[in-house]
Amino acid sequence: MVLMLAAVLGMAHTADDPFVTNLTAGQDTTVGTVSVWNDADTLYVQYETTDSWVINESHLAVNTSYKAIPQTKNGNPQPGQFEYSNVSVTSDYTYEINNTWDVNATVFIAAHAEVLLLNDTGVGIQEETAWGDGAQFNAGRNWAMFFKYVIQ
């Protein structure tokens, strides 16, 4: 029994071994990652940028259905209406959300960010919208994405 429990715990996503998806800006530029893991009390969603990209603002929605994520009547997500947000210039930010889901529950995560590319002197030279890679909300009409995560 102890060996079975150890095997199950070894497969769980942790801060050292999270679920990771790309943070994609402008539809096709990888500017970082979104990492997800949880413990019994908290779901962690961490945005991290690479190279000279920084996050100006981020928005996060986590629900048991992608349809429960705030969207327009046409199915386009509304990041300004997401439950979680952060406005600060940073290369990484971690949301800590109260874990109220059962083990093995699937949650749908929409991780949105406004990102800025800095030049060598720290001046912004390009601004883009970014999403954590996954399925499109409204395929063919909008490239905004969400992804699934299974609570460990």
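The values are calculated or read from the model by the stated rules, or taken from the named source; none is laboratory data. Owing to the predicted nature of the structure, the values given are computational and were not obtained by experimental measurement. Quick reminder, even Gly has a Cβ in these numbers, built from the backbone with ideal geometry, and neighbours come from all protein chains shown. Surface accessibility is based on the protein's heavy atoms, side chains included, excluding ligands, DNA and RNA. Shrake-Rupley method; radii C 1.70, N 1.55, O 1.52, S 1.80 Å.
How large is the dipole of the chain about the Cα centre if only Lys and Arg carry +1 and Asp and Glu carry -1, each at its Cβ, rounded to the nearest 20 debye?
Rounded to the nearest 20 debye, it is 720 debye.
Along the positive direction of the dipole of the chain (beta-carbon charges: Lys, Arg +1; Asp, Glu -1; about the Cα centre), which of A113, N56, V123 reaches farthest?
Comparing the listed Cα positions along the dipole, A113 ranks first.
Sort H112, H13 by accessible area with a 1.4 Å probe, largest first.
H13, H112
Taking the stretch 26-115, which GluC sites (Glu not before Pro) meet the DSSP loop condition and have no more than 13 other C-beta atoms within 10 Å?
Within the stretch 26-115, the qualifying GluC sites (Glu not before Pro) (loop, at most 13 other Cβ atoms within 10 Å) are E83.
At q = 0.09, 0.13, 0.14, 0.19 Å⁻¹, what is the log10 ratio I(q)/I(0) for the chain, with the Debye formula run over Cα points and no solvent?
Cα-only, vacuum Debye calculation for the chain: -0.30, -0.59, -0.68, -1.14.
Carbon and sulfur: what percent of the chain's accessible surface (1.4 Å probe)?
Its accessible area is 48 percent carbon and sulfur atoms.
With axes computed from alpha carbons, what is the tilt in degrees of helix 2-11 against the longest principal axis of the chain, rounded to the nearest 10 within 0 to 90?
Taking Cα atoms only, the helix is inclined about 10 degrees.
Can you tell me the accessible area per residue over the chain, all protein chains present, probe 1.4 angstrom, in square angstrom?
For the chain, the solvent-accessible area averages 55 Å² per residue.
For a quick check, take a GNM of the chain with Cα springs below 10 Å and name the residue from N76, N138, N119 with the largest mean-square fluctuation.
Sorting by GNM fluctuation, first place goes to N119.
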